[in-house]
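Undergrad: Just dropping this structure here.
What follows is calculated from the coordinates using simple rules that are stated; it is not laboratory data. Model, not experiment: these values are computed from the prediction. Quick reminder, even Gly has a Cβ in these numbers, built from the backbone with ideal geometry, and neighbours come from all protein chains shown.
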Amino acid sequence: MTFRKILCPIDFSPGSRSAMAQAARLAREHGAELVLLHAWFLPVLSGEYMFPAAIGQELATAARRDLDAAVDEARGLGVATVTSRLINDAAPQAILAAAEADPGIDVIVIGTHGQSGLGRFVLGSVAEAVVRHAPRPVITIRHHLELRPFKNVLVPIDFSPRSREAMNLAAEVAQAGGGGITLIHVVELPVAWGELRPFDVDRELSHRAVAELKTWADELAGKTAVAVSTRVCVGNPGHQLLDVLGSELAFDLVVIGSHGRTGLARLALGSVAEKIIRHAPCAVLVTRHAK
């Protein structure tokens, strides 16, 4: 895939402005249209607004003014085509409906927190609702994240179809001039085995994983001009991936499928993808398995 239209929800907070800056960079690099969406919402009781109509009008006017200013800001960042959508609805519903209604949208770029001011990716947040249910890939951006090209990309691989889609998407976004794309597989030993090791299971499974991962790397090398490397670890996938992200090469992006072999239809609480989104010190691109 290539990015032709990028949807970026914005609530005018510092976090969403960081996301807009990253979305603008991607739009410039891909020659894509950038769509800025703002959702403002007044609660309704028994079919009527709970606030006077004048207040609603003031909020709508202020939202339009701020959204127009954001459009001008994005154009100032060098994006050739910027459009906007102002929607009177709760933010998660507005964002998901916009993504569903416009098949031209290729990716959603969203900050992991907005007006709440919380310092982490919070359960129940707008960003989480979008990651869970969006019909398009989603890039999550932390506030204060350094604006830099995706030259060092990490792709967790569990050999599922979703992993292959994540790998192929990484080939689209990875840029030359850095470490390229690192494919990583974590061998997770069955908990039930405990201390029972009838053979050198760590070595045997790792050997098989290395061989399989090399096959995937060879496939990827035919699709991208950047360097491709592989790595195999043994342990808990979430912990191992976060250790790599926190202690080694400064990755710019993680590309991960929303779920692997669990067969769940959505991003599961406690999943590897969720751990990465919550704690990764870089941007995270969550891709969807095509049905």
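Undergrad: Using amide H atoms built 1.01 Å from N in the peptide plane, name the residues 5+ places from Arg4, or on other chains, whose amide H lies under 5 Å from its own.
TA: Correct list: Asp106.
Undergrad: Follow-up. Where does each of 7-16, 217-226 land if you order them by average Cβ count within 10 Å, highest first?
TA: Ranking, from highest mean packing down: 7-16, 217-226.
Undergrad: Rank-order 130-136, 80-86 by packing density, defined as the average count of other C-beta atoms within 10 Å over each peptide's residues, highest first.
TA: Going by the mean number of other Cβ atoms within 10 Å, highest first, we get 130-136, 80-86.
Undergrad: Taking amide H positions as placed in the peptide plane 1.01 Å from N, state which residues far from Lys151 in sequence (5 or more) or on other chains have amide H under 5 Å from it.
TA: Gln175, Asp252
Undergrad: Once amide H atoms are built 1.01 Å from N in the peptide plane, which residues 5 or more positions from Val284, or in another chain, come under 5 Å H to H?
TA: Residues meeting the amide H criterion: Thr140, Val254.
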